[in-house]
Amino acid sequence: MAAVALLGAAVPAHAERPLLVASNRCNSQTIDDASSRIREYDRHGPGASSAKLLQRYGAIADVLSVLNEERDILDSICSNDADRAPLFAQIAGYSAWALVLESDVAAKLNASCPAAASALPRIMLADAWLSLANVVNANGGAVPATFADVIPKVRTRADAVGLTLPAWADTSAYWASQVRDKAKTAIATCPTPSPSPAPSTSSGDAEETGELRIVRK
């Protein structure tokens, strides 16, 4: 951006062009592409084999990585909060949706250990709920219309694995960390599996838990 500013100062006749390019980049195109992938994964399951499940897990992790990166890009490119807010809401909603699908895959990959098959989804669903709550709480409690599709998905899965979702105002990173800590304690009761290659997600450093190689912050 500094180089763009210098170019504009040196050549006044073209000063508006770099600004126009930057302004046009503040849009939902990348988010829309990611949402298309998420909806496609939701419509078509990955199959039952471990290879297919691991492949799908990696594909979902890739979408989450794209959305996280796009948020950082838009944060630096969009000129004001009014432009950022609806885009950030979309990213939060689709990230939560991706985490819902990831939780489905995690449960299947760890079916041999019931503790992990429910604990891992609880971690992912807590992160999904926190993603939504951060936007709702920042908006003074107003729920964006873009969350209409994903909220029931999170609630349904949460009920299935015994995760109680708090009210928006009571949802925090601390709550999610408590869910994570309790889940990891449950996972520790599972027999240690034979190591096998698996994709990693974009949330932090990887560790072996159950049959699924996951990432925890």
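Things worth noting here:
- Test: residue in region 28-40 that is over 15 Å from the mean Cα position of the chain (by Cα) and touching a residue at least 24 places away in the same chain (Cβ under 8 Å): yes
- Elements of type helices (runs of 4 or more DSSP H) contained in region 1-101, each with 1 or more residues being among the hydroxyl-bearing types (Ser, Thr, Tyr) and either on the phi > 0 side of the Ramachandran plot or at pLDDT 95 or above (or both): 29-43, 50-77
- Pairing residues of region 113-130 that are touching a residue at least 60 places away in the same chain (Cβ under 8 Å) with residues that are assigned to a helix (DSSP H, G or I) and charged (D, E, K, R), at Cβ distances under 6 Å and at least 6 apart in sequence or on separate chains, gives Ile123/Arg180.
- Odd one out for Ser112, checked against (1) over 27 Å from Ala169 (Cβ atoms); (2) in a helix (DSSP H, G or I); (3) among the hydroxyl-bearing types (Ser, Thr, Tyr): (2)
- Members of region 58-90 that are more than 18 Å from Gly140 (Cα to Cα) and in contact with a helix residue (DSSP H, G or I) (Cβ under 6 Å, 6 or more places away or on another chain): Ile60, Val63, Leu64, Val66, Leu67, Glu70, Arg71, Leu74, Ile77, Cys78
Matching residues to (1) without any contact (Cβ under 8 Å) to a residue 12 or more places away in the chain; (2) in contact with a Leu (Cβ under 9 Å, 6 or more places away or on another chain); (3) over 13 Å from Glu102 (Cβ atoms); (4) basic (Lys, Arg):
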position	(1), (2), (3), (4)
Asp42	no, yes, no, no
Pro46	no, yes, no, no
Ser49	yes, no, yes, no
Lys52	yes, no, yes, yes
Tyr57	no, yes, no, no
Ile60	no, yes, no, no
Val66	no, no, yes, no
Glu69	yes, no, yes, no
Asn80	yes, no, yes, no
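- In region 166-183, the residues that are under 13 Å from Ser131 (Cα atoms) reach residues that are charged (D, E, K, R) with C-beta atoms within less than 8 angstrom, at least six apart or across chains, in these pairs: Ala176/Asp127.
- Unique match (being within 18 Å of Ala92 (Cα to Cα) and assigned to a loop (DSSP other than H, G, I, E, B)) among Val143, Val154: Val143
The values are calculated or read from the model by the stated rules, or taken from the named source; none is laboratory data. Remember, predicted model here, so these are calculated numbers, not experimental data. Using ideal geometry, Cβ is built from the backbone for each residue, glycine included, and neighbour counts are taken over all protein chains shown.
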